[in-house]
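In what follows, a structure is listed as structure tokens, so that the remarks can point back to it.
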Amino acid sequence: QEKIDSTQATISHSSKGFVFATGDKKFELQIAARLQFRFATPDDQNPVTFNDFTNLNSRLFKINRSRLKIGGHAYHPWLKYYFEYELGQGNLLDFRVMIEKWPWLKFKFGQWKVEFTRERFISSGEQQMVDRSLINREFTLDRQQGITAYGNLAGRGAANFSYWLAMLTGTGRAATFNDDNKLMYFGRLQWNFLGRVIPFSGGDVGISEKPAALIALAAVTNTSPYTRFSQSGGGQLVGYEPGSNGQYKIDQYQLETAFNYKGFSWVSELHRKYILNKGTNENTTLAGYYVQAGYFPHGIISGIPEKLEIAMRLSEYRPDLSIKANKQQEVAFAVNYFFQGHKNKLTAEITEFTFEDKDLLRQDETRIRVQWDISF
Amino acid sequence: QEKIDSTQATISHSSKGFVFATGDKKFELQIAARLQFRFATPDDQNPVTFNDFTNLNSRLFKINRSRLKIGGHAYHPWLKYYFEYELGQGNLLDFRVMIEKWPWLKFKFGQWKVEFTRERFISSGEQQMVDRSLINREFTLDRQQGITAYGNLAGRGAANFSYWLAMLTGTGRAATFNDDNKLMYFGRLQWNFLGRVIPFSGGDVGISEKPAALIALAAVTNTSPYTRFSQSGGGQLVGYEPGSNGQYKIDQYQLETAFNYKGFSWVSELHRKYILNKGTNENTTLAGYYVQAGYFPHGIISGIPEKLEIAMRLSEYRPDLSIKANKQQEVAFAVNYFFQGHKNKLTAEITEFTFEDKDLLRQDETRIRVQWDISF
Amino acid sequence: QEKIDSTQATISHSSKGFVFATGDKKFELQIAARLQFRFATPDDQNPVTFNDFTNLNSRLFKINRSRLKIGGHAYHPWLKYYFEYELGQGNLLDFRVMIEKWPWLKFKFGQWKVEFTRERFISSGEQQMVDRSLINREFTLDRQQGITAYGNLAGRGAANFSYWLAMLTGTGRAATFNDDNKLMYFGRLQWNFLGRVIPFSGGDVGISEKPAALIALAAVTNTSPYTRFSQSGGGQLVGYEPGSNGQYKIDQYQLETAFNYKGFSWVSELHRKYILNKGTNENTTLAGYYVQAGYFPHGIISGIPEKLEIAMRLSEYRPDLSIKANKQQEVAFAVNYFFQGHKNKLTAEITEFTFEDKDLLRQDETRIRVQWDISF
């Protein structure tokens, strides 16, 4: 079976790692890895329940993420593929094929992070803070399997829209089955009203010469045994029991804004999530938001190093809108030093958590984390 | 430990993916990946029991296979190695070293798919239908660990034989132990009576100018806790309880034919499997067969695209030869479109299953599947 | 996000596998794999309890290790990284970043084999016998996560010292948490008193022209739920119950020697391990040692092939120093044939185990193993 079908190829290195490509441009393969080292005290995870405030503290040093990334194209420059593997956990995260022949109509097949929220879709290696906000756990769709159509419709000036429309199995990462006949449907419309698209990357690391902004609206509906999704696949929010097939019908909406200009960056998300438990016929409405802003102060104080950014975030989560007293908050402040942009950066962060509950005492926790994220 | 032992190397691309090779031909490494996307309704798996006909249907979209393949040679062109990893499941499938110095006497060490049946040994990326037949589950030896001697004895004309002789641990994929002192022994003799060897690949995609044919006889004996093997390792057929060490003695025979000529392809397998349950001293004889044929109709109707193949399969399984009424059947029809041979192809398939049992009503199911298989 | 940041790169092959490097020397990536095939009778594992002597024997053939190794540097030649993956088990073994700018002060972040003992730190692909000694199970720290500072202080002649100082989470491989506030602390001081450093590699395969020797002292303290560590992470020695957080306080000391000259090699380790069970307030002292020597007899008998080495090992383990009668011993003899040094070698080994216990009959077992270890 030795076939004589060899084509000459070349090797180079770019921000995507080492790149192998054939001379005829038909085939290309990139390989890169990323490690994220983290020190945290008194512990690393965001508190989820009131118990998490009184638990034994356990400072730790860990390799929080270790990723292998393989991407490229085959047969045609527009027939792309991408694999991402979490080495430490042994989880295959992304495996997908993209048909990107026309900018206004592209297709994606496989498993990937649904483009529902900007915060989740941005790679954990391109974040502005050490990690995502308090509300990511409750509102993310995380990774799903299926098919999506997407593209950018760019007219003159403000007539610049991006869109995503997806049909997904709706049972989370690594699912090899569907629980019922119902699929997950997802859509997102993004208005790039200054005529430029902001990349999915935290902060304005490139120090944009011209302003870029977006307003996006996203919605999703799904019926499954789960009330939340994470890298581990489908799971349950606090207070929800493991579901049977098709037990939870969930509708979610999200309003997002983002803005980048001369080193300043802004991003916000405002969420609503409606859970119908078909077992008990109970309806619950969850709400949450975050706002986040960052700046490279070198822009106004030239004595501060160019590669240093300061950023802060405020987020709030309401587990049940009908109970006003139940509320969780996070205020965080971070400093980034970008040795080589997001590819090699150090982040220090301090966060104050506050939990309020109608039946319990208010709880607070202050957490400090230091993180080094490096890509090869 | 920095050693100055560097040799210049080159890079190219072939049907095996990107290829790195030293100038002196001593070292070579190929890397490739493959994704298989599948849509199925009402469900994907072959029915195994009567319950599978009445279960809740669950149409689905999934990445059915995601493979990373690394092969090459080291120190000598004839000292070869091959790894194949199922990324989605996190299973190492193949890891083996081959000594292929002489065509008539080669050796293989490690773990791989035993060459017992043509259907199982052909890569899931080079199949003619969407997947293997109804009888594969019951008769395959799947992957085993051990050592095999094999080769091709080619005299003039009809005097062309291929053979395989193996000594295997006989406890399936990923086994790190043997249950007893007994090993699995396997042999296969294949007569290539037209003097040409048919490659292990589905259909006559290369449109053979000259006819090629084979008749093969294969046999295996094993004693283990298992009555069947799959990618998950050892397991049990329907109706067999989990076994203790050395509980099941199994002997299997298989008669196989295959023929390729001008776009037409034929393949058949006829199986017998004798299970002795040493716990109960019961003997059972299982039987099954399939016949499969395909054709590129462009050969007679030039208006039909060259890259389109039609194929069909008939298979039957008898779980106990002593009970005539117990019988399972599959009739399948498929259309393949080969964008780039087996490396990038689309398959649509319709299958009719029929199950008969002496005590139960006859059951039918019609399944439709569409599959895209692409290698990078 | 297509960035035009490509740098030309080249490819070569070395003892570290295929090597990709940019022309400016800033980036380099090496990729290699290793397979270890083993036949063992009557079984493979070292006996751990008296039961292991009377168990059903089960000879076996297996792929004992299958490793993927990816290393290199990024941004600077001194900013190095290394990943090692056990493919068969799906375990990420090593993932670490090294800052090696100065020979006398280097830093390592991530997860790796603690440099506590020479025997464990030497790669399983560079061993002198088929595998490590009887006492490795009880005394190794295996892999841990954390940070270490290390280096070589080389004055003239005998003033040559290597050192390692580490702060580790102390909960073993793949741990993503710390059980308590206490970390593991480790130190090792190594005196290279002949002014040359012996590499961490078994035997004197390079046939040293000049003698090299070392004396090393190492110590470690840890508080965790575990009494031993292995590739599976934290676990328990025979006779110790699963622990709660911080239950076992463990202190260990080790005295090591090694010597290489003209094909002769010597290595020894002498261990003490103090276990305080905070649940029961019991103290136990464990002790053990091994001595191992090898020689390439071609040095004195030129008729013997140059690539052949003979080696032997004696080791003894005392599970509780206060009970003199409890003692386990191993005497092993091995022959190595180095086709291409440690990168491709065949080893045959015979071992005699003896277990003594104050309440039980003395037990013996003779084991034979043959192993082929090959790197690509």
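The values are calculated or read from the model by the stated rules, or taken from the named source; none is laboratory data. Nothing here was measured: the structure is a model prediction, and the numbers come from that model. Here the Cβ positions follow ideal geometry from the backbone for every residue, glycine too, while neighbour counts run over all protein chains shown.
Points to keep in mind about this one:
- For region B:270-290, the set of residues classified as farther than 15 Å from B:S322 by Cβ and free of Cβ contacts under 8 Å to residues at least 12 places away in the same chain consists of B:T280, B:N281, listed by residue number.
- Just one of the listed residues (B:D43, B:D5) is surrounded by fewer than 15 Cβ atoms within 10 Å (Cβ to Cβ) and touching a Ser or Thr at 6+ places or on another chain (Cβ under 8 Å), and it is B:D5.
- Hey, B:S201 closer than 16 Å to B:T117 by Cα and in a loop (DSSP other than H, G, I, E, B) or not: yes
- Inter-residue pairs, beta-carbon under 6 Å, first at negative phi and in contact (Cβ under 8 Å) with a residue 60 or more places away in the chain and in region C:63-86, second of a type in the set (A, V, I, L, M, F, W, C) and in a strand (DSSP E or B), 6+ apart: C:E86/C:L93
- Candidates are the residues of region B:179-197 that are assigned to a loop (DSSP other than H, G, I, E, B) and in contact with a Gly (Cβ under 7 Å, 6 or more places away or on another chain); the one that is modelled with the highest pLDDT is B:G195.
- Any pair with Cβ under 7 angstrom, 6 or more apart, that starts in region C:17-42 at a residue that is farther than 23 Å from B:Q8 by Cβ and ends at one that is part of a loop (DSSP other than H, G, I, E, B) and basic (K, R): C:A40/C:R59; C:T41/C:R59; C:P42/C:R59
- Each residue in region C:34-56 was checked for being of a type in the set (A, V, I, L, M, F, W, C), more than 7 Å from every other protein chain (Cβ to nearest Cβ) and in a strand (DSSP E or B), and 2 pass.
- Residue that is nearest to A:A175 (Cα to Cα), among those in region A:202-220 that are surrounded by fewer than 20 Cβ atoms within 10 Å (Cβ to Cβ) and under 19 Å from the mean Cα position of the chain (by Cα): A:A219
- Among the residues of region A:189-218, those that are of a type in the set (V, I, T) and within 14 Å of chain C (Cβ to nearest Cβ) comprise A:V197, A:I198, A:V205.
- Residues of region B:43-62 that turn out to be among the aromatic types (F, W, Y) and in contact (Cβ under 8 Å) with a residue 60 or more places away in the chain, as a count: 2
- Number of positions in region A:175-194 that are within 23 Å of A:N152 (Cα to Cα) and of a type in the set (S, T, Y): 1
- Within region B:104-111, not a single residue is buried (at least 21 other Cβ atoms within 10 Å of the Cβ), closer than 21 Å to B:N178 by Cα, modelled with pLDDT of 95 or more and of a type in the set (F, W, Y).
- Test set (1) within 24 Å of A:G279 (Cβ to Cβ); (2) touching a residue at least 12 places away in the same chain (Cβ under 8 Å) - A:L189 fails condition number: (1)
- Region B:57-84: number of residues that are farther than 23 Å from B:F107 by Cβ and either facing chain A (nearest Cβ under 7 Å) or not aliphatic (A, V, I, L, M) (or both): 11
- Test: A:L237 is in a loop (DSSP other than H, G, I, E, B), more than 25 Å from A:A154 (Cα to Cα), out of contact with any Gly (no Cβ under 9 Å at 6 or more places or on another chain) and among the aliphatic types (A, V, I, L, M): yes
- Scan of region C:242-280 for residues that are among the acidic types (D, E) and over 18 Å from C:G172 (Cα atoms), ordered by number: C:E256, C:E269
- Some residue of region B:233-240 being within 30 Å of B:S66 (Cα to Cα), among the polar types (S, T, N, Q) and touching a residue at least 12 places away in the same chain (Cβ under 8 Å): no
- The number of residues in region C:359-371 that are out of contact with any Pro (no Cβ under 9 Å at 6 or more places or on another chain) and either more than 19 Å from C:R59 (Cα to Cα) or surrounded by 12 or more Cβ atoms within 10 Å (Cβ to Cβ) (or both) comes to 7.
- Residue match in region B:296-308 (condition: away from chain A (no Cβ under 14 Å) and among the charged types (D, E, K, R)): yes
- Yes/no for C:I374 being β-branched (V, I, T), within 14 Å of another protein chain (Cβ to nearest Cβ) and either surrounded by 14 or more Cβ atoms within 10 Å (Cβ to Cβ) or in contact with a Gly (Cβ under 9 Å, 6 or more places away or on another chain) (or both): yes
- In region C:148-180, residue surrounded by the most Cβ atoms within 10 Å (Cβ to Cβ) [restricted to those that are within 14 Å of chain A (Cβ to nearest Cβ) and out of contact with any Leu (no Cβ under 8 Å at 6 or more places or on another chain)]: C:T171
- Some residue of region A:8-30 being assigned to a strand (DSSP E or B), among the aromatic types (F, W, Y) and within 14 Å of chain C (Cβ to nearest Cβ): yes
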